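These notes are about the structure you will find just below.
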Amino acid sequence: DGRLTFYPGNQTVDLPFINFMKRYGTVFLNAYTNSPICCPSRAAMWSGLFTHLTESWNNFKGLDPDYVTWMDLMEKHGYHTQKYGKLDYTSGHHSVSNRVEAWTRDVDFLLRQEGRPMAKLTGDRKHVRVMEADWQNTDKAVNWIKKEATNLTQPFVLYLGLNLPHPYPSPYAGENFGSSTFLTSPFWLEKVTYEAIKIPKWSSLSEMHPVDYYSSYTKNCTGEFTNQEVRNIRAFYYAMCAETDAMLGEIISALRDTKLLKKTIVIFTADHGELAMEHRQFYKMSMYEGSSHVPLLVMGPGVKEQQQIPNVVSLVDIYPTMLDIARIPAPRNLSGYSLIPLLRGKAESEVSPTRLRPSWVLSEFHGCNVNSSTYMLRTGRWKYIAYSDGRSVLPQLFDLTADPNELTNVAIKLPAITRSLDKMLHSIVNYPKVSSLVQEYNKRQFISWKQSLGQNYSNVIANLRWHQDWLKEPKKYENAIDKWL
């Protein structure tokens with residue numbers, strides 16, 4: 001959650017290395033993901049293209065395997081490149097269940113796709129390495145810096161992808177289930193200030209926007225939660241962020257120990273945020289700030305220190321920025337813009353007039369846990385969210401200055417602003433057409449999967465993540481699918 005990297009969100013947890021990057025570099029106050037889920041978001045970051053251009057519609061469909069990423073181009077231009085950890089940009093390693101849930105989101109039924117979110121403590125006050133796989137990848141990156149990077153004669157680019165602070169799988173909910181367990185140890189929990197944790201305000205279920213209600217239901221969050229449960233989930237999430245910060249610290253320390261820190265640009269960001277029980281949801285897949293607003297911090301040679309940038313930026317900007325750092329000409333078709341002028345503290349007027357950065361960012365979502373394609377336009381104080389064809393589902397409009405918690409949808413109250421933002425969104429993407437393409441894709445994929453199963457169709461359906469709900473009335477749900485097809 002990007003808001004944790006600046007005041008007032010950062011009061012909840014101690015993040016010393018994020019603070020180090022702020023002191024010696026630049027923090028973006030309004031950085032957004034271009035799609036709030038792992039694979040489509042990473043596809044945008046590695047390609048520099050919006051989601052409707054990459055057609056990375058869900059967590060299984062990313063970039064074509066032969067797509068030329070910024071790292072490929074840097075390697076071609078003489079950079080030594082190295083990747084460790086989570087990549088997830090050509091295809092996510094996600095279950096069949098995850099795909100089927102995305103394809104069938106247009107079916108008229110409600111089935112829980114996730115385990116109920118919960119907090120779980122492990123180990124003792126000495127237990128530091130909770131997310132073992134991330135620590136192993138961090139160790140590999142540190143060793144590479146110390147043994148390889150120091151001896152290189154050419155410039156290098158190193159990528160480290162971490163899973164944390166992503167919630168963990170929940171074995172109690174069955175083998176196919178998603179990740180609804182917020183897990184940490186007492187060591188990290190001590191870094192969290194419980195008193196600073198705010199319990200989010202929830203709308204009543206009957207007042208929720210229909211898409212929010214569907215998300216909350218499929219994420220198993222419509223039941224009763226005590227304040228203590230909500231506070232714990234949030235605290236454990238912040239503790240997981242503290243563990244992530246420590247891994248960032250390992251990289252910074254390795255660069256400092258090898259005398260490379262002053263010669264190296266360091267970028268810290270995320271593919272999406274975490275709602276951590278805001279708006280009666282956990283996980284991502286939403287355009288609310290907790291899910292779509294990501295951290296983006298940069299430090300290194302030429303980057304202005306202690307700078308806070310209010311401009312809206314997004315992950316597609318990473319591609320042109322990396323090429324700008326390496327002085328490689330950028331392809332013309334990119335959706336993003338180089339962040340280098342902003343990082344150097346230059347005014348817009350000093351930047352090349354040929355490609356002026358727009359005053360908006362676009363995010364879109366077409367995957368599971370949401371029953372409609374979703375498009376978010378963020379510009380100035382406004383966040384406009386349109387759904388599907390723009391008519392069948394009502395839009396949302398939030399005034400982030402007056403209503404930072406996004407509790408009051410003012411779309412109907414402010415029709416002129418809503419119309420103007422919708423027109424702006426239409427000029428960027430023909431969103432009703434994209435929604436229709438996604439619907440056709442979902443149906444095609446589902447039919448082909450169903451045909452590949454033959455007679456076994458209903459049994460397999462019953463073994464997906466939603467099987468507990470499906471088995472209560474299988475005939476009813478089969479009929480809903482037949483009606484949709």
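Do any of K83/K140; K450/K476; K191/K262 go past 19 Å between their Cα atoms, and which? All intermediate terms of the calculation are to be shown ahead of the outcome.
Details: K83/K140 10 Å; K450/K476 17 Å; K191/K262 29 Å.
Long pairs (Cα-Cα over 19 Å): K191/K262.
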Euclidean distance of C-alpha centroids, region 1-63 and region 222-245, integer Å: 20
Relative contact order %, the chain, counting alpha carbon pairs below 8 Å whose residues are six or more apart: 24
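Given only helices, namely DSSP H runs of n ≥ 4 each adding -39500 (n - 2.57), what is the per-residue ellipticity at 222 nm of the chain, to the nearest 500 deg cm²/dmol? Present the calculation step by step, with values, prior to reporting the outcome.
On the way: 17 runs with 172 residues, N = 485.
My calculation for the chain gives -10500 deg cm²/dmol from helical runs alone.
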Rounded tilt (10° steps) of 474-484 against the dominant C-alpha axis of the chain: 70
Dipole magnitude of the chain, debye to nearest 20 (Cβ charges: Lys/Arg +1, Asp/Glu -1, about Cα centre): 620
Tilt relative to the chain, helix 431-453 - C-alpha long axis, 0 to 90 degrees, to 10: 70
Set of lysines with alpha-carbon distance to K284 below 22 Å, sequence-local pairs under 8 removed: K61, K86, K120, K198, K201, K219, K383
Local net charge near L394, Cβ-Cβ under 14 Å (Lys/Arg +1, Asp/Glu -1): -1
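Counting only protein chains, not ligands or nucleic acids, how are K413, K346, K443, K147 ordered by accessible area (probe 1.4 Å), most first? Walk me through the numbers before you get to the answer.
Details: K413 160, K346 90, K443 65, K147 135 Å².
Of K413, K346, K443, K147, the descending order of accessible area is K413, K147, K346, K443.
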Loop GluC sites (Glu not before Pro), region 221-255 (other Cβ atoms within 10 Å of the site Cβ: 16 or fewer; DSSP): E224
Under-5 Å amide H pairs with Y159, H placed in peptide plane, nonlocal only: Q82, K83, Y84
Per-q log10 I(q)/I(0), region 16-362, q = 0.10, 0.12, 0.14 Å⁻¹ (Debye; single scatterer per alpha-carbon; no solvent): -0.64, -0.93, -1.27
Share of carbon and sulfur in the accessible heavy-atom surface of region 219-291 [1.4 Å probe, %]: 47
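Of the trypsin sites (Lys or Arg not before Pro) in region 34-131, which ones lie in a loop per DSSP and count no more than 15 other C-beta atoms within 10 Å?
Values: sites: R42, K61, K76, K83, K86, R99, R105, R112, K120, R125, K126, R129; in loops: K61, K86, R112, R125, K126, R129.
Taking region 34-131 and a limit of 15 other Cβ atoms within 10 Å, the loop trypsin sites (Lys or Arg not before Pro) found are R125, K126.
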Antiparallel DSSP beta bridges within the chain, as percent of all bridges there, nearest 5: 65
For peptides 364-370, 210-216, 415-421, sequence by mean Cβ density within 10 Å, most packed first: 364-370, 210-216, 415-421
Degrees between helix 227-257 axis and first principal axis of the chain (Cα, 0 to 90, nearest 10): 30
Local electrostatic count, V13, Cβ distance below 9 Å [Lys/Arg +1, Asp/Glu -1]: -1
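Per residue, what accessible area does the chain have, given a 1.4 Å probe and all protein chains present, in Å²? Working shown, then result.
On the way: 21050 Å² over 485 residues.
Accessible area per residue, the chain: 43 Å².
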Protein accessible area in region 414-485, 1.4 Å probe - carbon and sulfur %: 52
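The values are calculated or read from the model by the stated rules, or taken from the named source; none is laboratory data. Predicted, not measured: the structure shown is a model, and the values here were computed from it. Cβ atoms come from the backbone with ideal geometry, glycine included; neighbour counts cover every protein chain shown. The protein model used for the area step is the full one, side chains on, heavy atoms only, and it has no ligands, DNA or RNA in it. Shrake-Rupley method; radii C 1.70, N 1.55, O 1.52, S 1.80 Å.
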